[in-house]
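Accompanying notes for the structure given below.
The values are calculated or read from the model by the stated rules, or taken from the named source; none is laboratory data. Given the structure is predicted, the values throughout are model-derived calculations rather than measurements. All Cβ positions, glycine included, derive from the backbone under ideal geometry; neighbour counts span all protein chains shown. The protein model used for the area step is the full one, side chains on, heavy atoms only, and it has no ligands, DNA or RNA in it. Shrake-Rupley method; radii C 1.70, N 1.55, O 1.52, S 1.80 Å.
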Amino acid sequence: MSNQNLQAIAEPQNQLEYIEHSRNVHSYSKAVSRLFDLALSYIDYAEEENRKGHQAVWTQGVFEAPLFYACDTIPVSAIDLGRLSAGNSNEVALKVFDLPKETCSMISVLLGEWYLRKNNTIKKVAAFNNTCEPFNMAYGLIKEKGFEIYRVEGVVLPKTNYDGRYDELKTFLAGELNDLAVWLTGKPVDQEKMKIEIARMNRILKKVRKIMELRVKNPLYLKGLPTMFMLMGTGHYYGRPEEYEEVLDELLIELETADFVQPKGKKIIPLTWCGARGLEFGLFKAIDDCDGALLSWYTPNPYDKDWREDIPPLESMAEFVLDYFLVGTPVNQIKGIEKLLTSVGSKGIFFYHYVGCAFGGIHVEIFRDYFKKKGIPNIELDGCFQVGAPSGQLLTRVRAFIEMFK
């Protein structure tokens with residue numbers, strides 16, 4: 001058999017294979033292996049706990065953790081359900097829900113997964129209506145299949161445009177969040193428990209920031225895929241807060257004492273990932289293989305700011321949501337991207353969004369135009385939210401982008 005055929009066989013072909021490949025690459029790290037174990041078992045664990053009587057509820061899995069854990073409820077990220085989905089979930093959704101083929105691939109995969117698991121999964125969904133309209137449409141469709149939907153009204157408005165209405169909006173959202181707590185537990189949120197959970201969130205975010213700082217000194221020790229899973233965990237802790245925090249502690253110890261991981265070539269290229277996290281794990285592998293290091297991430301799980309502990313907890317959560325850096329106009333978001341670029345000395349930006357997401361596509365065009373004028377190299381990646389390896393075209397573009405910095 002030729003060397004080319006042997007290489008083709010060795011290349012991972014689905015998400016599980018990419019995770020196992022990354023686990024092997026990080027064989028020196030017990031923390032990375034534990035992180036992957038948490039991620040792979042997350043949904044099954046939450047569903048089993050729910051069957052045992054410990055409430056679990058589908059949600060975004062971005063900023064809900066303090067409220068959910070204060071209500072003794074496991075937040076189950078809908079995005080993570082799709083991340084390790086069945087191979088046919090997209091096709092199932094298109095057929096069952098009669099979706100147009102242009103539908104955002106993330107939405108169609110999630111609909112397919114919910115449908116395939118409808119007889120033995122968690123049936124309660126906390127729907128934050130400020131996500132995107134396709135998501136709101138999906139909530140309506142799964143309601144017809146027996147899911148219980150509770151909608152949380154919010155606003156999508158950057159702080160600079162509040163025109164004196166900030167306090168009013170914060171009060172309104174805090175009330176919506178308290179109503180969510182009543183739906184979860186039958187009573188208002190326990191203020192003291194939520195204060196404890198906000199303190200836990202801030203403690204975790206501080207550890208994540210320290211890990212990201214240590215990565216700048218040893219960029220290839222913790223590569224792209226486990227970094228993505230670590231950051232995603234800040235939104236829900238994979239249903240097991242104590243275990244997730246233990247993994248962060250282990251990573252800190254490892255990074256503080258580890259030998260420097262040498263690049264395959266002459267130098268390491270610091271880079272930034274902006275947008276969705278995607279399922280195309282092969283893109284992260286391609287970046288690693290080219291000695292690229294994703295040292296900053298502008299994604300739905302923010303790690304560069306804390307929650308306020310000097311105000312009532314529901315107000316703190318409302319303020320965090322209203323100031324959430326993915327909310328509002330692209331112009332408002334640009335400031336956050338620039339801050340991350342500067343913090344790690346990034347040489348270029350990957351802008352990733354899903355095919356069929358008009359919302360993400362328009363923002364990327366505005367971002368790219370702005371950073372092009374600033375002389376910062378960047379590349380747009382049109383990805384798909386479905387199981388399998390990325391296209392050869394995407395991989396070629398990623399490799400070519402990194403090569404131009406060498």
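Scan the range 26-45 for residues that are over 27 Å from THR121 (Cα atoms), open to solvent by 60 Å² or more (accessible area, probe 1.4 Å) and not in a loop (DSSP other than H, G, I, E, B) and the total you get is 1. Summed over the range 170-209, the residues that are open to solvent by 50 Å² or more (accessible area, probe 1.4 Å), more than 20 Å from ASP306 (Cβ to Cβ) and among the acidic types (Asp, Glu) give a count of 2. Contact map, the range 260-280: residues that are among the polar types (S, T, N, Q) paired with residues that are assigned to a loop (DSSP other than H, G, I, E, B), Cβ distance under 6 Å, separation 6+ or inter-chain. Pairs shown: THR272/SER346. Take the conditions buried (at least 19 other Cβ atoms within 10 Å of the Cβ), acidic (Asp, Glu) and more than 21 Å from TYR18 (Cα to Cα) and apply them to GLU213. Does it pass? Judged against the criteria, GLU213 is not a match. Hey, any hits in the range 338-348 for a residue that's closer than 20 Å to ASN301 by Cα, open to solvent by less than 70 Å² (accessible area, probe 1.4 Å) and touching an Asp or Glu at 6+ places or on another chain (Cβ under 8 Å)? Yes. The single residue among ILE376, ILE402, ILE311, ILE349 that is touching a Ser or Thr at 6+ places or on another chain (Cβ under 6 Å), within 30 Å of LYS207 (Cβ to Cβ) and at pLDDT 90 or above turns out to be ILE349.
Here is a yes/no grid of residues against (1) part of a strand (DSSP E or B); (2) out of contact with any strand residue (DSSP E or B) (no Cβ under 7 Å at 6 or more places or on another chain):
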{"residue": "SER343", "(1), (2)": "no, no"}
{"residue": "SER346", "(1), (2)": "no, no"}
{"residue": "ILE349", "(1), (2)": "yes, no"}
{"residue": "GLY361", "(1), (2)": "no, no"}
{"residue": "VAL364", "(1), (2)": "no, no"}
{"residue": "PHE371", "(1), (2)": "no, no"}
{"residue": "ILE376", "(1), (2)": "no, no"}
{"residue": "GLU380", "(1), (2)": "yes, no"}
{"residue": "VAL387", "(1), (2)": "no, yes"}
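Scanning the range 191-239 for residues that are polar (S, T, N, Q) and within 23 Å of LEU81 (Cβ to Cβ) turns up THR227, THR234. Whether a residue is among the acidic types (Asp, Glu) and touching a residue at least 40 places away in the same chain (Cβ under 8 Å) was assessed, and GLU17 does not pass this test.
Is it the case that some residue within the range 218-231 is charged (D, E, K, R), open to solvent by 10 Å² or more (accessible area, probe 1.4 Å) and more than 17 Å from the chain's Cα centre (by Cα)? No, there is no match, as no residue in the range 218-231 is charged (D, E, K, R), open to solvent by 10 Å² or more (accessible area, probe 1.4 Å) and more than 17 Å from the chain's Cα centre (by Cα). Scanning the range 106-135 for residues that are crowded, with 22+ Cβ neighbours inside 10 Å and either part of a helix (DSSP H, G or I) or more than 18 Å from the chain's Cα centre (by Cα) (or both) yields MET106, ILE107, SER108, VAL109, LEU110, LEU111, GLY112, GLU113, TRP114, ILE122. Residues of the range 389-406 that are in a loop (DSSP other than H, G, I, E, B), among the hydrophobic types (A, V, I, L, M, F, W, C) and touching a residue at least 60 places away in the same chain (Cβ under 8 Å): ALA389, PHE405.
In the range 72-81, is there at least one residue being out of contact with any Pro (no Cβ under 8 Å at 6 or more places or on another chain), among the polar types (S, T, N, Q) and over 30 Å from ALA174 (Cα atoms)? Checked against the condition, which is being out of contact with any Pro (no Cβ under 8 Å at 6 or more places or on another chain), among the polar types (S, T, N, Q) and over 30 Å from ALA174 (Cα atoms), the range 72-81 yields no hits at all.
Among the candidates LEU252, LEU322, LEU314, LEU340, single out the residue that is among the aliphatic types (A, V, I, L, M) and without any contact (Cβ under 8 Å) to a residue 60 or more places away in the chain. Answer to the selection: LEU252. Can you confirm whether TYR115 is hydroxyl-bearing (Ser, Thr, Tyr) and modelled with pLDDT of 85 or more? So TYR115 passes the test. Could you please find all residues in the range 46-66 being β-branched (Val, Ile, Thr) and outside any strand (DSSP E or B)? Within the range 46-66, VAL62 is the sole residue that qualifies.
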